Amino acid sequence: MVGWGFEGCRSVAHGSRYSPWSGAARQKGKLFPPPSGVALPVHMDHNHRRRMLIVQAAALVSAMYALLVTRLRLAQGHRARPQITYAPMSNMDKERQANLSKIYNCNDIECVDMLRMRRAPFFRLCNLLRERNLLADNIHCCVEEQVAMFLHVVGHNQRFRVIHQNFRRSIETVSRYFKQVLYAVGELRNEMIRPPSGETPLKIRNSNRWYPYFKDCVGAIDGTHVRARVPAKFSSAFMGRKHYHTQNVLAAVDFDLKFTYVLAGWEGSAHDALILSDALEREDGLKVPEGKFYLVDAGYACRPGFLPPYRGTRYHLKEFGGRNYPTNARELFNLRHSSARVTVERSFGGLKNRFRILDNKPFHPYKTQVKLVLACCILHNWILGHGVDEVVPVESTWVPNNSAPIGHGVPLDDNSAWASKRDEWANDMWNNRGHAHI
């Protein structure tokens, strides 16, 4: 350390006779006074300081040289590293490729049997998920294989260990891609499940049975029970009129069999009217267009936006079979109401026929079960966008499930204005029926 003073002066230790901070020294003006708060410099002669500077400089040069040598060696080692090579395909890889080739190159009938959809919607779905970066090809598994494994699980309710055998993938790999595809399909919900338009559906407009009475009808609403697997402490809440655990799913369907709203996750013991009230109260819930209405069953109240049939009157289609024609205005209204509302039952039937995971006991956590319901509805709409296939039941041969009692044993308060409007439509149907019996 250099002492505080004029050029050529040296600092000395405290207590010395010739201390630089002595009064004599200050009077002679040989040194500056020490600044406050600064430690006094240690004794160090000129040669010692020079040696210290040389040592520090040598240490710095050595460190820089070592750093340079290390970097050069790393760079040379990186350039000399051999490229990754792959061994010939094993028998397991060959079996996997043969299985995938069979799926990709099969006809539509076999593709529907395996993937629950035809080849065109399958490949377009894979391309859509790839273009939006929801799924990505990697060196081990392409998007088509990822989606195929997912469709095998939801379409046939197969466990991961079965997919592990069929696709020659580890259970961890199957589980990881299953979650990724489930998330990717869920991201399509806003464009696949859309509210109905305000136009009169073609099915209504082209039939004298429903037009002009149902010209403002935009679809039908109903609930369906989907098999559920829940912890034992929640079993009583999920045990409804079915003899097994279910979740009650509310859905709105247009006359093209597409879902326009889906609310899943409610307990199987919950009443349909309660779930509908919850759907209407949600911020992103069910919205009925102004001046429009949905067809509902007798388990819902007659109020603006929702039109149920007459209770205590013949309603189901099988009750009008043979020559059991309607005998009054209410029966005729119920018959035509049932004929139009069968759309939602056909949608549920096609959904459960296509994705067997919804009609069998699942093997996933309950949160995943709820997400799977929505994902299956999204895929249902995607498939119907490419045309109706053989999985969707034909209307002429469809036999609805009428095991549920009308009204579900719950008292409902009807809106008097809508009840009067329903009476008016029923009387007009009866008076304008002509020679038609239906």
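For residue 367, give me every one of the lysines with a C-alpha distance below 30 angstrom, ignoring sequence neighbours fewer than eight places off in its own chain.
179, 233, 242, 258, 287, 352
With only alpha-carbon atoms in the gyration tensor, what are the semi-axes of the equivalent ellipsoid for the stretch 177-224, in Å, largest first? List each step's numbers first, then the result.
Numbers: eigenvalues 238, 26, 14 Å².
Here the semi-axes work out to 35, 11, 8 Å.
Given a 1.4 Å probe and every protein chain left where it sits, what share in percent of the accessible area of the stretch 98-222 is carbon and sulfur?
Heavy-atom surface of the stretch 98-222 belonging to carbon and sulfur, 1.4 Å probe: 47 percent.
Check residue 267: other-chain or 5+ apart residues with amide H under 5 Å from its amide H, H built from backbone geometry?
Amide H neighbours of residue 267, under 5 Å, 5+ apart: 248.
Report the local net charge at residue 118: Lys and Arg +1, Asp and Glu -1, summed over other residues whose C-beta lies under 15 Å from its C-beta. Can you show the working numbers first?
Values: positive: 116, 119, 124, 354; negative: 108, 110, 113, 144, 389, 390.
With Lys, Arg at +1 and Asp, Glu at -1, the net is -2.
Cross-link candidates for residue 371: which aspartates and glutamates have Cα within less than 12 Å, leaving aside residues fewer than 8 places away along the same chain?
Residue 371 reaches 187.
Would you kindly calculate the mean projected area, averaged across all directions, of the convex hull enclosing the Cα atoms of the stretch 211-322, in square nanometres?
Working: hull surface 37.2 nm².
Orientation-averaged projected area of the Cα hull: 9.3 nm².
Could you state, as a whole-number percent, how many of the C-alpha pairs of the stretch 140-268 are farther apart than 22 Å? Please report the intermediate quantities before stating the final value.
Values: 4861 of 8256 pairs.
The answer is 59 percent, as a whole percent.
For the stretch 184-268, with only Lys/Arg (+1) and Asp/Glu (-1) charged at the beta-carbon, what is the dipole magnitude about the Cα centre, in debye rounded to 20?
Values: 12 positive and 8 negative charges, 72 e Å.
The dipole magnitude comes to about 340 debye.
Tell me, rounded to the nearest percent, the portion of alpha carbon pairs in the stretch 133-201 spaced more than 14 Å apart.
Details: 1466 of 2346 pairs.
Distances greater than 14 Å cover 62 percent of the Cα pairs.
Which whole-Hz ³J(HN,Hα) couplings does the stretch 115-120 yield from phi under the Karplus relation 6.51 cos²θ - 1.76 cosθ + 1.60, θ = phi - 60°, glycine and proline marked x?
Using θ = phi - 60°, the values come out as 9, 6, 7, 6, 5, 4 Hz.
Quick query: amide H of residue 117 versus all other amide H atoms, modeled in the peptide plane; which residues come in under 5 Å with a sequence gap of 5 or more or a different chain?
Correct list: 112.
The values are calculated or read from the model by the stated rules, or taken from the named source; none is laboratory data. These figures come from a predicted structure and were not determined experimentally. Positions of Cβ are generated from backbone atoms using ideal geometry, with glycine treated the same way; all protein chains shown enter the neighbour counts. Heads up: the accessible areas ignore ligands, DNA and RNA and are worked out on the full protein's heavy atoms, side chains in. Shrake-Rupley method; radii C 1.70, N 1.55, O 1.52, S 1.80 Å.
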